[in-house]
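Asker: Just passing along the structure, written as structure tokens.
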């Protein structure tokens with residue numbers, strides 16, 4: 001297995017910033033380094049969006065993958081850098097919450113001490129290149145996580161919106177609109193299962209905002225082209241979609257909006 | 001030679017879907033795997049566009065390259081998956097026509113039988129990750145095409161628009177507008193050669209829609225900056241271009257529009 | 001160290017042009033080839049923008065990196081191709097100035113003689129694929145620069161705008177607006193140091209166009225969110241930024257616009 005390093009930034013792909021990260025990674029990293037662009041299109045300074053993406057993608061990567069996350073509006077200020085190990089993989093980035101949605105009691109985290117690994121001058125505006133990449137290269141060369149810093153004290157945590165459950169309704173929030181216009185919520189398959197037995201699922205109805213109620217189906221093609229439906233997406237989150245269409249546009253959905261789930265009466 | 005796998009999708013590069021494909025490919029594929037993004041900007045669910053891109057790019061890749069094509073509006077429905085071998089290279093994707101523009105009598109094709117290679121749960125909405133990638137990884141590890149499924153029965157074929165020829169005119173269709181605004185038609189160098197001897201080519205004129213007739217030149221710089229011309233592009237398709245400008249905008253060309261070729265009288 | 005080749009083009013990532021470059025590079029290049037997208041979003045035919053990007057990124061790459069630069073409005077005309085060696089790295093592209101901002105008395109340059117390395121037919125519109133890639137592959141396989149052509153005679157040079165200095169003012173030009181809306185000028189740290197001792201820097205004020213005068217700070221977070229400031233960016237160019245905002249939009253800055261630097265009176 002080669003040494004995989006993924007990159008998640010808000011740099012876009014037009015400027016040279018991503019290339020600069022990669023150049024330094026190749027200069028300092030191991031010979032078998034393999035870089036994967038996770039995305040460079042996080043909204044500028046959108047730490048929460050980065051945190052969601054980081055959480056969504058990592059389970060698909062092989063053990064020991066190292067994820068570099070550079071969405072860093074506080075660069076140059078007193079905010080610390082963070083490296084953590086979780087589920088056999090690694091993350092490095094600013095301590096501003098970008099990794100916090102995957103951290104739990106099993107996560108090991110250190111607060112970076114740049115003096116221990118930085119190899120050149122450190123700019124005030126690009127710690128991704130000057131601090132996080134050297135740390136990543138060190139880790140990729142086989143150094144132990146603990147050599148990069150001191151035990152992290154209260155890393156920044158972002159709050160994940162929790163769906164509200166009542167006997168009549170499960171209510172959640174729109175987390176993300178994807179490229180297809182699919183409206184992805186914070187309601188997981190496990191939460192629906194805990195709320196209603198699967199025998200009731202054919203009677204479940206879903207709506208986003210004040211749009212019409214939609215049935216819960218298995219795949220996009222279960223409804224005619226242009227029709228809306230709800231389904232459990234590929235990461236087991238409830239989403240609202242339109243077969244061959246754009247659900248966000250059709251139903252006026254926006255990130256942060258409301259998603260509701262209710263059950264029709266039996267035999268109704 | 002390493003094991004090259006290209007990726008063609010309509011996922012865009014903002015979401016984590018491409019990264020999820022890559023993560024699973026690295027987890028399941030050979031150690032010398034090399035991934036190449038062909039494009040992730042196929043229009044959402046635009047199967048014909050994907051088919052054109054697949055046909056345009058493959059001749060440049062080395063033998064044994066494997067191309068993964070995930071433009072899949074019918075995901076989760078009864079549509080089958082397809083793997084094929086053609087010209088010493090391989091393709092894997094949905095059986096919806098995305099590979100059909102390169103298939104001919106020499107193509108070997110199998111209809112995927114996921115039970116033979118799938119390694120985990122299969123979602124209803126992301127067969128790219130859960131079915132096609134495991135098939136690709138198997139092929140990349142050296143398995144024979146035929147181990148992935150059964151002989152394909154009548155794979156879906158897309159119809160390629162055929163230029164119309166008369167003694168006075170060759171008429172075709174705009175297939176694609178590229179980033180520069182170049183207007184690429186379905187008229188090939190071979191078709192022009194079959195219609196008129198090259199001695200007549202200096203008298204050929206081309207127009208798109210009802211725009212002015214343009215001369216056939218050799219390269220963009222053969223006309224002044226801002227002027228239009230027709231030429232045979234880098235894949236030997238007739239295209240209409242503006243030197244340092246945007247021909248589609250200047251001539252109001254759109255995909256599907258008409259392209260005409262005629263010959264001025266000799267000595268005129 | 002593997003053989004690193006970076007790609008800088010104005011092709012965008014939607015069409016198949018970049019993939020065609022890569023396919024041929026893999027077909028002709030060494031087994032340990034590693035490709036890095038520097039950017040494919042240079043404005044169409046914007047040679048000066050490409051030259052600026054080429055100059056900004058290369059110092060971060062390891063020795064022997066080869067940079068392929070394909071922004072080539074004159075393709076197919078009499079313009080020559082160029083290969084050069086500078087600072088232990090290599091560049092290949094059209095002789096239209098794209099490499100000229102890094103060339104100095106230490107640069108070795110040859111004018112490409114395609115007959116010496118081209119392996120197939122050469123199209124009139126895509127020398128990136130048909131000429132520059134075969135040259136790059138040859139260099140990547142270990143050939144000496146001088147085998148690719150003859151000593152270059154007067155390669156095309158682009159003129160770099162030079163800041164104007166007076167006792168009261170340092171005046172420069174906006175070179176680039178980045179993805180964040182940061183306004184990057186042609187005034188370097190060294191030029192400011194030569195103009196005013198660092199003891200005066202706390203009294204320096206900067207403005208872009210006719211926008212308000214801004215203080216010179218160290219990092220974005222030194223001013224409140226939404227406030228503007230000037231700082232020395234990660235490549236030591238003076239830039240105007242807004243903390244968590246878009247300075248270009250807020251201050252109406254455009255590439256080519258004026259940037260001024262002056263000093264408040266001491267004790268004022």
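The values are calculated or read from the model by the stated rules, or taken from the named source; none is laboratory data. Model, not experiment: these values are computed from the prediction. Positions of Cβ are backbone-derived with ideal geometry, glycine not excepted, and every protein chain shown enters the neighbour counts.
Asker: Filter segment A:68-98 down to the residues that are within 19 Å of the chain's Cα centre (by Cα), without any contact (Cβ under 8 Å) to a residue 40 or more places away in the chain and surrounded by fewer than 23 Cβ atoms within 10 Å (Cβ to Cβ) and list them by number.
Answerer: Passing the criteria: A:73, A:86, A:87, A:88, A:89.
Asker: While we're on this one: Take segment C:99-125 and flag every residue that is within 14 Å of another protein chain (Cβ to nearest Cβ) and either in a helix (DSSP H, G or I) or buried (at least 22 other Cβ atoms within 10 Å of the Cβ) (or both). Quick ask: steps written out before the conclusion?
Answerer: Just the residues of segment C:99-125 that are within 14 Å of another protein chain (Cβ to nearest Cβ), to begin with: C:101-102, C:119-125.
Scanning segment C:99-125 gives C:101, C:102, C:125.
Asker: Return the residues of segment C:15-33 that are in contact with a strand residue (DSSP E or B) (Cβ under 9 Å, 6 or more places away or on another chain) and buried (at least 19 other Cβ atoms within 10 Å of the Cβ); say none if nothing qualifies.
Answerer: Those that are in contact with a strand residue (DSSP E or B) (Cβ under 9 Å, 6 or more places away or on another chain) and buried (at least 19 other Cβ atoms within 10 Å of the Cβ): C:15, C:16, C:17, C:18, C:19, C:21, C:22, C:23, C:25, C:26, C:29, C:33.
Asker: If you check A:145, A:214, A:158, which single one turns out to be within 30 Å of residue A:76 (Cα to Cα) and touching a strand residue (DSSP E or B) at 6+ places or on another chain (Cβ under 8 Å)?
Answerer: Details: A:214 fails: within 30 Å of residue A:76 (Cα to Cα); A:158 fails: touching a strand residue (DSSP E or B) at 6+ places or on another chain (Cβ under 8 Å).
Selected residue: A:145, the only one of A:145, A:214, A:158 that is within 30 Å of residue A:76 (Cα to Cα) and touching a strand residue (DSSP E or B) at 6+ places or on another chain (Cβ under 8 Å).
Asker: Considering only residues of segment B:33-65 that are assigned to a loop (DSSP other than H, G, I, E, B) and more than 9 Å from every other protein chain (Cβ to nearest Cβ), which is nearest to residue B:133 (Cα to Cα)? Talk me through it step by step, then tell me what you get.
Answerer: Of segment B:33-65, the ones assigned to a loop (DSSP other than H, G, I, E, B) are B:40-46, B:61-65.
Then drop every residue that is not more than 9 Å from every other protein chain (Cβ to nearest Cβ), which leaves B:43, B:46, B:64.
Working: B:43: 21, B:46: 20, B:64: 16 Å.
Among those that are assigned to a loop (DSSP other than H, G, I, E, B) and more than 9 Å from every other protein chain (Cβ to nearest Cβ), it is B:64.
Asker: Can I ask one more? Taking residue C:78 as the residue in question, decide whether it is more than 8 Å from every other protein chain (Cβ to nearest Cβ) and either over 26 Å from residue A:24 (Cβ atoms) or touching a strand residue (DSSP E or B) at 6+ places or on another chain (Cβ under 6 Å) (or both). Walk me through how you get there before you give the answer.
Answerer: Numbers: more than 8 Å from every other protein chain (Cβ to nearest Cβ): yes; either over 26 Å from residue A:24 (Cβ atoms) or touching a strand residue (DSSP E or B) at 6+ places or on another chain (Cβ under 6 Å) (or both): yes.
When the stated conditions are applied, residue C:78 passes them.
Asker: From the list B:140, B:144, B:136, which residue is more than 14 Å from chain A (Cβ to nearest Cβ), modelled with pLDDT of 95 or more and surrounded by fewer than 20 Cβ atoms within 10 Å (Cβ to Cβ)?
Answerer: Of B:140, B:144, B:136, the one residue that is more than 14 Å from chain A (Cβ to nearest Cβ), modelled with pLDDT of 95 or more and surrounded by fewer than 20 Cβ atoms within 10 Å (Cβ to Cβ) is B:144.
Asker: From the list C:76, C:105, pick out the single residue that is modelled with pLDDT under 95 and on the phi > 0 side of the Ramachandran plot. Break it down into steps so the answer makes sense when it comes.
Answerer: On the way: C:105 fails: on the phi > 0 side of the Ramachandran plot.
Of the residues listed, the single one that is modelled with pLDDT under 95 and on the phi > 0 side of the Ramachandran plot is C:76.
Asker: Right, another one. Kindly list the number of the only condition in (1) in contact with a helix residue (DSSP H, G or I) (Cβ under 8 Å, 6 or more places away or on another chain); (2) more than 14 Å from chain C (Cβ to nearest Cβ); (3) closer than 21 Å to residue B:100 by Cα that fails for residue B:192.
Answerer: That leaves (3) as the condition not met.
Asker: Now, a different point. Can you confirm whether segment B:88-95 contains a residue that is in a loop (DSSP other than H, G, I, E, B), more than 30 Å from residue C:11 (Cβ to Cβ) and modelled with pLDDT of 95 or more? Lay out the reasoning, then the answer.
Answerer: Of the residues in segment B:88-95, the ones in a loop (DSSP other than H, G, I, E, B) are B:88, B:95.
From what's left, more than 30 Å from residue C:11 (Cβ to Cβ): B:95.
Next cut, modelled with pLDDT of 95 or more only: B:95.
So far as segment B:88-95 goes, yes, one or more of its residues are in a loop (DSSP other than H, G, I, E, B), more than 30 Å from residue C:11 (Cβ to Cβ) and modelled with pLDDT of 95 or more.
Asker: Quick one: what pairs do we get from segment A:103-129, first residue under 14 Å from residue C:219 (Cβ atoms), second part of a strand (DSSP E or B), C-beta under 6 Å, 6+ apart or different chains?
Answerer: Note: pairs meeting the criteria are A:128/A:70.
Asker: Would you point out the residue of segment C:1-32, among those that are under 22 Å from residue B:184 (Cα atoms) and assigned to a loop (DSSP other than H, G, I, E, B), that is farthest from the other protein chains (Cβ to nearest Cβ)?
Answerer: It comes out as C:10.
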